[in-house]
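Chemist: Would you mind keeping the following structure in view while I ask a few things?
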């Protein structure tokens, strides 16, 4: 699992999804060549080209009309998912319908937008809209038994990358139990019900569609609630006159629920300045064009297109280090070599340059009970959401019992030292060094290369009585969670840095 996580962290979320879809297409094509899938390889290739062409060309057209730079990778993903929903064909009239489906999906990215966010998943909307015309219906042919294993493996990789296992797992569990119950009530045996489950697009839907980022709620509990409602609508048939429910309809209802919950909107940020925090970390300061509402500990997804985007894409999410109510929005960002095209473009921003953000999300926020003792555990750039917490507490003049265990690769990588000193919290720095490490008064240096169960207990003897917050690389978080479980820490919240 650790190796998979490390591999996935080299790529953006969009790259992982587009890569997974490409691999699934290649597998489906090979299975078609060897006769395991009923559709011909030529029909698959032609259908994909028609749908992909329609989505991209429509997006390009509307992008030009609205003066918006299109996200080509998003169009690619939309086209690929549509391909797996509609039956491949060589029939000219049916290809014309596929062209229309792609056009509907591409247009919806621009027409059905509220304050910069999609109201509906473009794929689900196109599938639902075309069904209303009677011209075609999504067959969800991807739910063929021979594709179950690759769909599961690739879908799991997406869920690992996006950290959507709780919501997608909820959907998967609820829909599976409901489907088997419904089938058994209809007279099927348990074994037959399990076999019929293979022909339902539950796996593909839960990993490739329910995780679409621009139509998700902000909070974890909201995504769980959405998953339950979508699962109910996905399985339980609804017939009103000529209308019948469908998986696409279920997802659209989920999108509406997310839209009601979400305050996400298009955000424009004017670049103000940058300051060097460590040799590899820089804080970027932006001035929003309008006041923003967010909670300390949340993150923002920004888009900084380069002249030529590399495989990591132009979008990335970063924790906000400024406090709600401040005039500026600050982001602490780690740079690796070689840097992505997006981060290079970020470094090249000039004062006054405006970038786009898709919204603010996350539930890595302070507990409401201010008397509850807290344990912050940060790995490297994972310190940033905690700075957001501390800046908020400073702004509202609130004092809390907080201990911070901060692991860094070397003494030079200690970021936000002044802010931590000013906060007055207990700080334990974990780093391996052979030289003297001078720290502010009251701070403790733990001369180890990584956080362990032993040094956690030494630093914070009452660890079991504190609510723990862990932020940093996935491997560090997973290891630290195991330590805390052994130490019987009851409440643990995590903030995985998955966008680097």
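A short reminder: the numbers here are calculations on the coordinates, not readings from a lab. Worth saying up front: this structure is predicted, and the values here are computed from it rather than measured. A quick note on method: Cβ atoms are made from the backbone with ideal geometry, for glycine too, and the neighbour counts reach across all protein chains shown.
Chemist: Taking every Cα atom in the range 267-361, find the radius of gyration and the maximum pairwise distance Dmax, and write them in Å.
Modeler: 12.6, 36
Chemist: Something else: Which of 64, 406 has the fewest other C-beta atoms within 10 Å, and how do the rest follow up to the most?
Modeler: Ordered by Cβ neighbours within 10 Å, fewest first: 64, 406.
Chemist: How many angstrom lie between the Cα centre of the range 220-251 and the Cα centre of the range 254-300?
Modeler: Each part reduced to its Cα centre gives a spacing of 32 Å.
Chemist: Would you compute, from DSSP H runs of 4+ residues alone, the mean residue ellipticity of the chain at 222 nm, taking -39500 (n - 2.57) per run and dividing by the full residue count, rounded to the nearest 500?
Modeler: Calculated from helices alone, the mean residue ellipticity at 222 nm is -14000 deg cm²/dmol.
Chemist: Let me ask something additional. Note down the nm distance, to one decimal, between modelled labels 7 Å out along Cα→Cβ at residue 221 and at residue 90.
Modeler: Those two pseudo-labels are separated by 5.6 nm.
Chemist: Suppose each label sits 7 Å from its Cα in the direction of the beta carbon; what would the residue 34-residue 363 distance come out to in nanometres?
Modeler: About 4.3 nm, to one decimal.
Chemist: Please report the spacing between the Cα centers of the range 355-414 and the range 168-216 in Å, no decimals.
Modeler: Here the answer is 38 Å between Cα centres.
Chemist: Rounded, prolate or oblate, given the Cα gyration tensor of the range 374-496, with a/c below 1.5 counting as rounded?
Modeler: Because its axes are fairly even, with a/c under 1.5, the range 374-496 counts as rounded.
Chemist: Sticking with this one: Mind sorting 302, 51, 27 by how few other Cβ atoms lie within 10 Å of their own Cβ, fewest first?
Modeler: Going from sparsest to densest Cβ surroundings: 27, 302, 51.
Chemist: Then there's this: With everything on Cα atoms, drop me the angle between helix 72-85 and the longest principal axis of the chain, reported from 0 to 90° to the nearest 10.
Modeler: Between helix and principal axis, roughly 40 degrees.
Chemist: Express as a percent, rounded to the nearest 5, the fraction of DSSP beta bridges in the chain (both residues included) that run antiparallel.
Modeler: So the antiparallel bridges in the chain amount to around 60 percent.
Chemist: While we're here: Can you give the angle from 0 to 90° between the axis of helix 148-162 and the longest principal axis of the chain, with both taken from C-alpha atoms, to the nearest 10?
Modeler: 30
Chemist: With axes computed from alpha carbons, what is the tilt in degrees of helix 92-111 against the longest principal axis of the chain, rounded to the nearest 10 within 0 to 90?
Modeler: Rounded to the nearest ten degrees, it is 30.
Chemist: Give me the Å³ per residue figure for the convex hull around the C-alpha atoms of the range 2-261.
Modeler: Spelled out: Cα convex hull of the range 2-261, divided by residues, is 142 Å³.
Chemist: Once you order the gyration tensor axes a ≥ b ≥ c over the Cα atoms, which shape class does the range 88-228 get: rounded for a/c under 1.5, otherwise prolate or oblate by comparing a/b with b/c?
Modeler: In terms of gyration-tensor shape, oblate.
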